[in-house]
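Asker: Please read through the structure below; I'll follow up with questions.
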Amino acid sequence: MNKDMGLLDLVFVIAKSRKMVILVTMLFAIGAIIYSLVTPEYWKSQAAILPITESGAISSIGKSITDMLGGGILRTQKSEQAIEFITIMQSRQFKEQVIREFNLIDYYQIQDDLPEKTMEMALRQMTGSMVDIVFDHESNLITISIETKDKLLSRNIADYYINALQTYNIQNRMSKGKLNRVFLEKRVHQNRADIDSLGIALRHFQEKHQTIALDQQTQSLISLYSTNVASYFQSQIELELARANYSESSPVLQELKRKNELLANQIKSLERSGSDLLPKYIVQIDKIPGIGLQYAQLMLNLEIKKKVFEFIYPQYELAKLEEMKDMPVFEVVDSPKVAGIRARPKRALTVIVITTAAFILSCLLAVIKERLFVQNREQIQKIFTALRQGNKESQS
């Protein structure tokens, strides 16, 4: 036989060792069948959810505070909200609730005198094999898969995940809504008090000085300056609310910081002599003489407070509505169902794979046997003959 084995040579070798090939293949096939029958059956239930970021009247407000934080700075983007949902479901507190709700310590047959140790072991097994959470970055769809030995248990745990997550998020949003409402409420009351005080001060000033009329240039300057300062104060309110709702790395917070810095620079430019933002025909406030300067400053402060109030009061009303809302924060795209087909073991596939692998292995053993013992039979006989002769010579 040639040193290089062709296809016909291979077929000949396998046919020659057919008993061994059949025996090995059959043994592995029977073992695979027994394994697939003895192995416990696992059943999988799945649920799919999609974050909700807009609703009804809130979505029609436009780029207000509630468009950014839960319904202006009050609502997150879908991707951030989805990541937050996953973080909640993967938290230790959430998983411990699931373990206690369904008594998974008994399900895993964990026995130990220390409750902390049993909980830790249950958490490890649950994380490793029972729960799988997948996030699709393109569609923002979150898929929750639960796999257990009981099809009803799988469905119930998946259902519990959805309900517990919904309850947590509604309570959390209502809590945030309350914080935002309290914050804006303080600002509204403070601004209202400032407007009243400035209005009284302005009226007394007019009575004392027999009503001073400002020229057109001064009125234009007050309008321009008050608009920019009011926008800056509005930006600060948005930034403070964002810090209470987002992490420092949030894109929403970073965008508000840039906006705040831009407005601050615009105000500084207005206050500098020769600013590009200030038309040449408008005089600066500090150049207004005497009593006119005092009157202009009062008017300026009053205009700023009024514009800030016009901005925050509608947001305060929306925050009160947001606090009372109990609408769901995500849509259930696919509800968990009782599995009709087991997830594993895949018996047919297991038997086919193991049987095929056993056949290939037995063929390989036949080739090795042919190479080592059949083709080299003469060399092996010479080796054994030489060994026997050596033994005889040593004995004589």
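Asker: Just to be sure, is THR143 surrounded by fewer than 19 Cβ atoms within 10 Å (Cβ to Cβ), among the β-branched types (Val, Ile, Thr) and over 28 Å from the mean Cα position of the chain (by Cα)?
Answerer: Judged against the criteria, THR143 is not a match.
Asker: Hey, another quick one. Would you mention how many residues in segment 30-43 are of a type outside the set (Gly, Ala, Ser) and buried (at least 19 other Cβ atoms within 10 Å of the Cβ)?
Answerer: 1
Asker: Just name the residue that is surrounded by the fewest Cβ atoms within 10 Å (Cβ to Cβ) out of those in segment 311-368 that are under 30 Å from LYS151 (Cβ atoms) and polar (S, T, N, Q).
Answerer: Among them, the one singled out is SER335.
Asker: Related question: If we scan segment 99-114, do we find a residue that is assigned to a strand (DSSP E or B), surrounded by 17 or more Cβ atoms within 10 Å (Cβ to Cβ), at negative phi and touching a Ser or Thr at 6+ places or on another chain (Cβ under 8 Å)?
Answerer: No, there is no match, as no residue in segment 99-114 is assigned to a strand (DSSP E or B), surrounded by 17 or more Cβ atoms within 10 Å (Cβ to Cβ), at negative phi and touching a Ser or Thr at 6+ places or on another chain (Cβ under 8 Å).
Asker: Scan segment 187-208 and give yes if some residue there is within 30 Å of MET89 (Cβ to Cβ) and under 43 Å from the mean Cα position of the chain (by Cα), otherwise no.
Answerer: Checked against the condition, which is being within 30 Å of MET89 (Cβ to Cβ) and under 43 Å from the mean Cα position of the chain (by Cα), segment 187-208 yields no hits at all.
Bear in mind these aren't lab numbers, they're just calculated from the coordinates by the rules spelled out. The structure presented is a predicted model; accordingly, all values stated were derived computationally and were not measured. Reconstructed Cβ throughout: ideal geometry from the backbone, glycine too, with neighbour counts over all protein chains shown.
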